[in-house]
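First up is the structure itself, then whatever we jot down about it.
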Amino acid sequence: MTTQQRRPSSSRRSEASRQAILTAAFELVGEVGYAKLSIEGIAARAGVGKQTIYRWWPSKGAVLFDAFLALSAGPDEQQGLPDTGDLEADLKLVLRSTVVELNDPRYDEPMRALTTEILHDPALAASYTERLDAPMKELKKQRLRSAQQAGQLRTDLDLDLAVDLLWGPLLNRWLLRSGPLTEQYADTLVETTLAGLRPQRRDVEA
């Protein structure tokens, strides 16, 4: 009696190849930098042909974006920002975590590479907005909206602007390397920004 060996299904092989490509792209950009990253290099590291990559992605920037999404996503992604009722403490926790991630050598080079590519590739910029930036911004706005409804923020506050005021300086300092990116800086940023976003005394007394 012979035993027939089962071959992996086509879909399983495709998913294994896809994951190998994403891992290879993420690792290589950290090793050689984005300028030297190539489809050929990713294919060689992943053990696939170039056409396999081009079947799923139009450019190395698109590959890297998917790699970043797949390999940096945490288990609580899309769960929203913490909401303990203490807005200042919750925001400090989130911005401190952002500081840790931005300072992590594993993510620094891929994120800088993506930022550069987004500036030059309109299609990638649109994908980034749709798949990452807009959903994350909505989660941030949901937390601020909750605080607004609790009377912790001004009722006439523009929530889109508030998100930019809280996260923009942090990302700008990281991108331009214009100063130390520390948890203390994150705390000061939250405190200073909230001072201008909270209801004025006359609004509270009205």
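The values are calculated or read from the model by the stated rules, or taken from the named source; none is laboratory data. It should be emphasised that the depicted structure is a prediction, and the values quoted were computed from it without experimental measurement. Cβ placement follows ideal geometry from the backbone for every residue including glycine, while neighbour counts extend to all protein chains displayed.
Descriptive notes on the structure:
- Whichever residue in region 64-99 is modelled with pLDDT under 95 and among the aliphatic types (A, V, I, L, M) and, among such residues, is surrounded by the fewest Cβ atoms within 10 Å (Cβ to Cβ): Ala73
- Checking each residue in region 131-146 for being closer than 20 Å to Phe65 by Cβ and either of a type outside the set (Asp, Glu) or modelled with pLDDT of 95 or more (or both) picks out Arg131, Leu132, Ala134, Pro135, Met136, Lys137, Glu138, Leu139.
- Check on Leu166, within 19 Å of Lys92 (Cβ to Cβ), touching a Ser or Thr at 6+ places or on another chain (Cβ under 6 Å) and either of a type outside the set (A, V, I, L, M, F, W, C) or modelled with pLDDT of 95 or more (or both): yes
- Gln149 vs. criteria in the same structural domain as Leu93 (by TED's automatic domain parsing) and at pLDDT below 95: no
- Residue identified as loosely packed, with under 14 Cβ neighbours inside 10 Å and free of Cβ contacts under 8 Å to residues at least 40 places away in the same chain among Pro122, Pro135, Pro105: Pro122
- Of all residues in region 21-49 being of a type in the set (D, E, K, R) and at pLDDT below 95, the one that is farthest from the chain's Cα centre (by Cα): Lys36
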